[in-house]
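Asker: Take a look at this one; I'll ask things after.
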Amino acid sequence: MTYKKGEERQQKILFPDCIDDYVEGDAPVCLFDAFVDSLDMDKLKFIRSTPKDTGSPGYDPRDLLKLYIYGYFYQVCSSRKLARECKCNVEVMWLLGKLYPDFRTISDFRKDNKDSITKVFKEFNKFCMGLKLFSKSYISIDGCKFKAVNAKDNNFTLNKLDDRIKRLDEHITLYMAELDSCDQEEGRKLSRDELEHKLNACKERKGRYEAYRTALEGSNEK
């Protein structure tokens, strides 16, 4: 008996696989794609919603918005991680047509369109609630879990809807704050003093561990 073997990585393919074959028809990314394509980007006041006639072409804000909705849905909380998803996640490749924006492009898009993105997230949540897509999921806020829809929620009241919308708004605010925080942490460079401090701490720790090892070897104990 032998193990199953994958394809040879260097093997040339005459007819490459169609990326559409890797995404199921009912995958959430199909919803993200259709939802964003239905939006009026001018009305939502997205910057560069209409391409310029001159200069090098930029990214369609719809594509970057789809990426952010994907990140919001799956809680990918930094521009660098979103950029990585573009190159290693088949669903994101399908969603963006194999575009690979770098993390600065992704981050700048959010900074330039923060209010518009927040509005879209709110509409997206309402859209999902209308389709009962939160029926088996949870909205997590500050470590607490709130059921988006439970078994008793076959009927709605205004108070229930207002409460859920409020919680979803809090979730959006938290997610946007996490994006800003993660980008700041990843983009911050250490000063020379900070680098020297970390290096000295590593050297001190290494010396301590080596002394422990010497003492342990001399004690004939394991």
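Asker: Kindly evaluate Lys45 against the criterion of being basic (Lys, Arg), within 22 Å of Phe124 (Cβ to Cβ) and touching a residue at least 60 places away in the same chain (Cβ under 8 Å).
Answerer: Yes: the conditions hold for Lys45.
Asker: Among the candidates Phe121, Phe146, which residue alone is in contact with a helix residue (DSSP H, G or I) (Cβ under 6 Å, 6 or more places away or on another chain), within 30 Å of Cys30 (Cβ to Cβ), at pLDDT below 70 and not β-branched (Val, Ile, Thr)?
Answerer: Phe146
Asker: Go through region 97-129 residue by residue and tally those that are of a type in the set (A, V, I, L, M, F, W, C) and open to solvent by less than 10 Å² (accessible area, probe 1.4 Å).
Answerer: Of the residues in region 97-129, 6 are of a type in the set (A, V, I, L, M, F, W, C) and open to solvent by less than 10 Å² (accessible area, probe 1.4 Å).
Asker: Between residues in region 180-207 that are modelled with pLDDT of 75 or more and open to solvent by 100 Å² or more (accessible area, probe 1.4 Å) and residues that are in a helix (DSSP H, G or I) and among the hydroxyl-bearing types (Ser, Thr, Tyr), which pairs lie under 9 Å by C-beta distance while being six or more apart or on different chains?
Answerer: The qualifying pairs do not exist here.
Asker: Next up: What pairs come up if the first residue lies in region 8-22 and is in contact (Cβ under 8 Å) with a residue 40 or more places away in the chain, the second is of a type in the set (Phe, Trp, Tyr) and open to solvent by 100 Å² or more (accessible area, probe 1.4 Å), and their beta carbons are under 9 Å apart, counting only those six or more places apart or on different chains?
Answerer: Close Cβ pairs satisfying both conditions: none exist.
Asker: Scan region 1-23 for residues that are open to solvent by less than 100 Å² (accessible area, probe 1.4 Å) and farther than 22 Å from Gly97 by Cα and jot them down.
Answerer: Gly6
Asker: What are the pairs with Cβ atoms under 6 angstrom where one residue, in region 91-106, is aromatic (Phe, Trp, Tyr) and the other, located anywhere, is in a helix (DSSP H, G or I)? Sequence gap at least six, or different chains.
Answerer: Close Cβ pairs (under 6 Å, with a partner that is in a helix (DSSP H, G or I)) amount to Trp94/Ile19; Tyr100/Cys86; Tyr100/Lys87; Phe103/Ser79; Phe103/Arg80; Phe103/Ala83.
Asker: Also, quick follow-up: From the list Asn159, Asn154, exactly one residue is exposed (fewer than 12 other Cβ atoms within 10 Å of the Cβ), under 28 Å from Asp26 (Cβ atoms) and modelled with pLDDT under 80. Which is it?
Answerer: Asn154
Asker: Sticking with this structure for a sec: I'd like to know if region 96-105 contains one or more residues that are under 21 Å from Leu44 (Cβ atoms) and among the charged types (D, E, K, R).
Answerer: Taking every residue of region 96-105 in turn, none turns out to be under 21 Å from Leu44 (Cβ atoms) and among the charged types (D, E, K, R).
The values are calculated or read from the model by the stated rules, or taken from the named source; none is laboratory data. None of the values given here were measured: they were computed from a predicted structure. No Cβ is skipped: glycine too gets one built from the backbone with ideal geometry, and neighbour counts run over all protein chains shown. To get the accessible areas, we keep the full protein, side chains included, count just its heavy atoms, and leave off ligands, DNA and RNA. Shrake-Rupley method; radii C 1.70, N 1.55, O 1.52, S 1.80 Å.
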